[in-house]
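Report on one structure; see the data block that follows.
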Amino acid sequence: MPRNLEYVPYGYVPPKPTTKGTLIFYDLFEQIQEELQRAVTIKEERSFEKLVLYPLHEETARRMFKGTVSPYHKREKQLEEWIGEHAARSVVIESFESKRKKYTPIDTALHHLAEKYKGPYFLLLTPEVANSFASYSSFEEWIVKLRLILLSKPSYLHPRLEKFSHRWDVAGEKREDQ
């Protein structure tokens, strides 16, 4: 088997990668235009390598929010059309829930995403989804493995979100410790 040799000058230091990790947008994607544009802006501003859109299945949404939501395939089609219209580079729709076709706990979804995409992981959430995520017992296990970015400032904070306030921030706001 031939080896590929690379010759570099003495003292050469390879350039550091300019992009970092994966931004995962975990949401229902009911009203998508404004939120998706903000997600792409956050991806570019913070130099993420990839933006993964993770639409929730109807059963998952029903258990998390106790409301009605349009069918998964319609929301997925809207996302595909949006990506096609905006020619969004390095934006991927994760279809894990369409294959399962049932309730998928957030733990299972995060395990799948961590196996498939390159870290570090940043989870982009609306305040409602963030409070719902914080209410699960596995939140403390996951918050040390990833960081949260909230789309807007929440009016109500779950106690676990308050406890781990150093592991999340609001998009577009500067933190005091940065």
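Since every read-out is calculated from the coordinates, none of them should be taken as a lab result. Values in this document were obtained by computation on a predicted structure and should not be read as measured data. Note: ideal-geometry Cβ built from the backbone for every residue, glycine included; neighbour counts use all protein chains shown.
Of note:
- You can think of it this way: the chain between VAL144 and GLU49 has 32.1 nm of extra reach, that is 0.36 nm per residue less the Cα-Cα gap.
- Amide N of region 116-133 lying under 16 Å from the label point, which is placed 7 angstrom from the Cα of LYS99 along Cα→Cβ: 116-118
- Charge sum, other residues only, whose C-beta stays under 10 Å from ILE32's C-beta, Lys/Arg counted +1 and Asp/Glu -1: -4
- Nonlocal amide H pairs with PHE48, under 5 Å, H built at 1.01 Å: LYS20
- Excluding the site residues themselves, the longest part of the chain lacking any chymotrypsin sites (Phe, Trp or Tyr not before Pro) in a DSSP loop with at most 11 other Cβ atoms within 10 Å is 13-155.
- From helices alone, the chain scores -11000 deg cm²/dmol at 222 nm; the rule is -39500 (n - 2.57) for each run of n ≥ 4 DSSP H residues, then divide by the residue total.
- Among GLU44, GLU34, GLU58, the largest mean-square fluctuation in a Gaussian network model of the chain (Cα springs under 10 Å) belongs to GLU34.
- Annotation: extensible slack from LYS20 through LEU157 equals 46.5 nm (criterion: 0.36 nm per residue apart, minus Cα-Cα distance).
- Degrees separating the helix 72-86 axis from the principal Cα axis of the chain, which is the longest one: 40
- Placing pseudo-labels 7 Å out from each Cα toward the beta carbon at LEU5 and VAL170 gives an inter-label distance of 5.9 nm.
- Correct option for Cα Rg over 2.2 N^0.38 Å [calculated from the coordinates] among (i) 1.16; (ii) 1.44; (iii) 0.98: (i)
- Rounded tilt (10° steps) of 106-116 against the dominant C-alpha axis of the chain: 20
- Listed residue pairs exceeding 19 Å between alpha carbons, taken from LYS20/LYS50; LYS16/LYS118; LYS102/LYS153: LYS102/LYS153
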